[in-house]
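The values are calculated or read from the model by the stated rules, or taken from the named source; none is laboratory data. Fair warning: this is a prediction, and the values are worked out from it, not measured in the lab. FYI the Cβ positions are ideal-geometry reconstructions off the backbone, even for glycines, and counts take in every protein chain you see. Surface accessibility is based on the protein's heavy atoms, side chains included, excluding ligands, DNA and RNA. Shrake-Rupley method; radii C 1.70, N 1.55, O 1.52, S 1.80 Å.
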Amino acid sequence: MPSIKDVARLAGVSIATVSRVINGYDNVSEETRKRVIDAIRKLNYHPVYAVKGAVLKRTIGVLVPNFGGFHYNEILTGIEKEAIKRDFTLMISTTLHRTSVELERLEVFFAKRVDGIIVCSSKKDEEQLERLIKSAIPVVVVDREEPEIRLDSVGIDNYAAGRMCAKYLLEKGHRKVLLLKGRKDVYSFSDRERGFIDYSTRHGIDVKVTPCGYFAEHGYHAVERYLKKHGRDFTAIFAINDLSAFGALKALHDLGVSVPDEISIMGFDDDPISSYTIPPLTTVRQPREEMGRVAFEILYERLSGKKGVARRVVLPVEIIERESVKQL
């Protein structure tokens with residue numbers, strides 16, 4: 001197993017210089033940093049910490065905004081399955097959607113010298129991620145806006161998916177749609193909404209937008225508030241995700257509105273229970289477990305020494321047609 005001395009010898013620098021590069025310090029020239037990182041990758045060097053008679057497995061840090069619902073849990077499932085195959089351990093943490101917590105967690109990953117990091121989070125961490133890259137820690141981002149710095153990334157085209165949903169509802173004859181708007185700080189929701197509204201504007205769909213969120217209670221209260229204030233001035237609901245759609249279904253039921261006879265509803269995600277609602281929910285399937293699997297595979301390739309330009313992998317989505325949308 002290569003040591004830090006081997007890295008220093010191959011790079012033609014001191015052990016202290018290798019240590020500075022590994023820890024992301026700035027007082028190293030770019031030329032020297034490149035030589036050290038090349039040596040680390042060529043030797044497949046990973047710091048090993050003593051654990052009384054045992055050697056730690058290689059570790060991947062995974063950062064997610066929350067553990068609620070199915071979305072990030074399914075991405076984590078894809079990562080975990082590949083990690084088990086490759087004999088890696090995972091260090092998983094949540095940011096609670098707070099940038100300060102995210103930066104703190106990334107610092108912990110850095111201090112623990114994880115071998116690589118998968119980030120499913122906001123875009124306000126570019127500087128921290130760049131520091132990790134400079135220290136030779138590979139990073140892959142999942143389900144987020146294309147980064148400003150060069151990073152491998154995996155996701156879907158949320159803008160195109162939003163347009164696809166609007167087109168589907170229009171083809172079903174719906175020209176008045178209530179859009180349950182997600183949190184504005186979740187980029188995937190914003191892109192999805194933008195695509196839906198852009199298509200609707202160009203094709204004569206009257207979109208009424210109401211604030212919502214992403215959990216079932218958010219969808220319930222959003223629909224309840226809107227109907228009590230404005231009445232039924234739409235024929236279909238587009239919920240930004242399935243969880244809010246579940247809440248909307250319950251609100252319509254409690255208010256005595258029949259789905260899909262009086263109001264149609266469409267979700268997004270194809271959560272595991274979407275086919276068990278009453279009626280079964282028409283939705284969009286995004287390959288969340290596949291996102292996690294591909295993210296780990298890319299990270300593993302980088303850890304194995306594969307070089308090249310940053311990859312942007314965009315996975316396909318599809319509409320899963322069930323019984324909650326009526327043809328007018």
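With respect to the stated conditions, THR277 fails to be modelled with pLDDT of 95 or more, under 21 Å from VAL142 (Cβ atoms) and more than 18 Å from the chain's Cα centre (by Cα).
Evaluate the following for TYR199: is it open to solvent by 40 Å² or more (accessible area, probe 1.4 Å) and among the hydroxyl-bearing types (Ser, Thr, Tyr)? So TYR199 does not fit the description; no. VAL223 meets the stated requirement of being in contact (Cβ under 8 Å) with a residue 24 or more places away in the chain, crowded, with 21+ Cβ neighbours inside 10 Å and closer than 19 Å to LYS326 by Cα. Has region 83-103 got any residue that is assigned to a helix (DSSP H, G or I), surrounded by fewer than 16 Cβ atoms within 10 Å (Cβ to Cβ) and modelled with pLDDT of 80 or more? The answer is yes; a qualifying residue exists.
Residues of region 270-300 that are open to solvent by 50 Å² or more (accessible area, probe 1.4 Å) and within 22 Å of SER121 (Cα to Cα): ARG285, GLU289, GLU290, ARG293, TYR300.
How do the pairs read when you match residues in region 302-320 that are under 30 Å from SER275 (Cα atoms) with residues anywhere that are assigned to a loop (DSSP other than H, G, I, E, B) and among the β-branched types (Val, Ile, Thr), using Cβ under 8 Å and keeping only pairs 6 or more apart or on different chains? Note: pairs meeting the criteria are VAL314/ILE156; LEU315/ILE156; PRO316/ILE156; VAL317/ILE156. Within region 174-188, no residue that is free of Cβ contacts under 8 Å to residues at least 40 places away in the same chain and hydroxyl-bearing (Ser, Thr, Tyr) sits with its Cβ atom under 7 Å from a residue that is open to solvent by less than 10 Å² (accessible area, probe 1.4 Å) and outside any loop (DSSP other than H, G, I, E, B) at 6+ positions apart or across chains.
Looking at region 242-254, is at least one residue open to solvent by less than 10 Å² (accessible area, probe 1.4 Å), of a type in the set (A, V, I, L, M) and under 22 Å from LEU315 (Cβ atoms)?
Yes.
Identification of strands (runs of 3 or more DSSP E) wholly contained in region 229-300 with 1 or more residues that are in contact (Cβ under 8 Å) with a residue 12 or more places away in the chain, in contact with a helix residue (DSSP H, G or I) (Cβ under 8 Å, 6 or more places away or on another chain) and small (Gly, Ala, Ser) yields 236-239, 264-266. Counting the residues of region 305-328 that are within 21 Å of VAL154 (Cβ to Cβ) and assigned to a loop (DSSP other than H, G, I, E, B) gives 10.
Somewhere in region 128-143, is a residue of a type in the set (A, V, I, L, M, F, W, C), outside any helix (DSSP H, G or I), crowded, with 19+ Cβ neighbours inside 10 Å and at pLDDT below 85? Show your work before the answer.
Here is the first cut: in region 128-143, the ones of a type in the set (A, V, I, L, M, F, W, C) are 129, 132-133, 136-137, 139-142.
Next cut, outside any helix (DSSP H, G or I) only: 136-137, 139-142.
Now drop any that are not crowded, with 19+ Cβ neighbours inside 10 Å, which leaves 136-137, 139-142.
Still in the running and at pLDDT below 85: 136-137.
Yes, there is a match, as at least one residue in region 128-143 is of a type in the set (A, V, I, L, M, F, W, C), outside any helix (DSSP H, G or I), crowded, with 19+ Cβ neighbours inside 10 Å and at pLDDT below 85.
Comparison of ILE237, ILE263 shows that the only residue that is of a type in the set (Val, Ile, Thr) and within 27 Å of the chain's Cα centre (by Cα) is ILE237. Does SER324 count as under 27 Å from LEU179 (Cα atoms), in contact with a Pro (Cβ under 6 Å, 6 or more places away or on another chain) and open to solvent by less than 30 Å² (accessible area, probe 1.4 Å)? For SER324, the condition - under 27 Å from LEU179 (Cα atoms), in contact with a Pro (Cβ under 6 Å, 6 or more places away or on another chain) and open to solvent by less than 30 Å² (accessible area, probe 1.4 Å) - is met. Might you let me know whether region 165-178 holds any residue that is open to solvent by less than 10 Å² (accessible area, probe 1.4 Å), of a type outside the set (Val, Ile, Thr) and within 25 Å of the chain's Cα centre (by Cα)? Yes.
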